[in-house]
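One structure is given below, encoded as structure tokens.
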Amino acid sequence: MNTEPLFLTDAYLRDATGKVVSHTPEGGIVVDQTNFYATGGGQPGDSGQITWQGGAMKIATCIKGEGALILVPAEPTALPAVGTQVTQTLDWERRHRMMRVHTLLHLLSVVIPLPVTGGAIAADKGRLDFMMETPPEDKAAIETELNRLIEANFAVTDAWITAAELDANPDLVKTMSVKPPTGAGIVRLVRIGDETTQIDLQPCGGTHIERTGEIGAIRLGKIEKKGKINRRVYVHLAD
Ligand SMILES: [Zn+2]
């Protein structure tokens, strides 16, 4: 049973219905569709709660199983029975902050146009690891450029292409450590800007805000040396 990932087509879906299709041996709940992002690509799974007739349960996170997305209860309590219709409600404040940080990392990869070897997202900050042998000379210029891209309030949109089209355009993939999601032979491309002023275009299965202005106030954090040729660059939400 594949779970339909509703967050891929609408990242702003705070509530969604779903049907329990099975329980995992570890006590997780498999649903037929979910608005909960499943841990992956450096972004933690969503937390929140599910409710059903006569019951409610806190959800700690969502993880990927075999073709399925699994809601992980925060506490070991009785699970809703298979077949139960549930309402899934995100911890929206946390998710929305991660959408801001995630989209900010796309902009960071534009401002520092070097190959990315890893990354991580939290509700208050994120980081990318770049192949960068020498530290940037002007840190303030990086922050200024990030703020310019945020204030320009570019649209963030997506489009789907086939895996074959992606293979024909390998330059689209910036992140060497994260394979783009290619489920069912199609890949989601995320674009920042429009066709005339395109800021960024790359395959991504994460959750994004609709316009860069929604990122709000930010600051550039530490830049750490990680190994011989890598540097880790942190960005923070300032509120
Ligand atoms: Zn993304």
Query raised in the report: How many residues does the range 187-225 contain that are out of contact with any helix residue (DSSP H, G or I) (no Cβ under 7 Å at 6 or more places or on another chain), loosely packed, with under 15 Cβ neighbours inside 10 Å and assigned to a strand (DSSP E or B)?
Result: 4
Query raised in the report: Which ranges mark the strands (runs of 3 or more DSSP E) fully within the range 41-153 that have 1 or more residues being among the β-branched types (Val, Ile, Thr) and within 16 Å of the ligand (Cβ to nearest atom)?
Result: 116-121
**Report entry** the range 99-113 residues that are assigned by TED's automatic domain parsing to the domain that holds ALA140, paired with ones that are within 12 Å of the ligand (Cβ to nearest atom) and of a type in the set (Ser, Thr, Tyr) (beta carbon under 9 Å, 6 or more apart)
**Finding:** MET99/THR207; HIS102/THR207; THR103/THR207; SER109/THR175
Query raised in the report: Is it true that ASN35 is touching a residue at least 24 places away in the same chain (Cβ under 8 Å) and either open to solvent by 70 Å² or more (accessible area, probe 1.4 Å) or more than 23 Å from HIS208 (Cα to Cα) (or both)?
Result: no
Requested in this report: Please find, among ILE112, ILE70, ILE142, the residue that is more than 16 Å from THR17 (Cα to Cα), modelled with pLDDT of 95 or more and within 20 Å of the chain's Cα centre (by Cα).
Outcome: ILE112
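Each row is one residue, and each column tells you yes or no for (1) surrounded by 14 or more Cβ atoms within 10 Å (Cβ to Cβ); (2) more than 23 Å from ILE215 (Cβ to Cβ); (3) in contact (Cβ under 8 Å) with a residue 60 or more places away in the chain.
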site: ARG127; (1), (2), (3): yes, no, yes
site: ASP138; (1), (2), (3): no, no, no
site: ALA141; (1), (2), (3): no, no, no
site: LEU146; (1), (2), (3): yes, no, yes
site: GLU151; (1), (2), (3): no, no, yes
site: LEU166; (1), (2), (3): yes, yes, no
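The values are calculated or read from the model by the stated rules, or taken from the named source; none is laboratory data. If you're wondering where the values come from, they're calculated on a predicted model, not measured in any experiment. Using ideal geometry, Cβ is built from the backbone for each residue, glycine included, and neighbour counts are taken over all protein chains shown. For the accessible areas, the whole protein counts, side chains as well, though only heavy atoms, and no ligand, DNA or RNA atoms are used. Shrake-Rupley method; radii C 1.70, N 1.55, O 1.52, S 1.80 Å.
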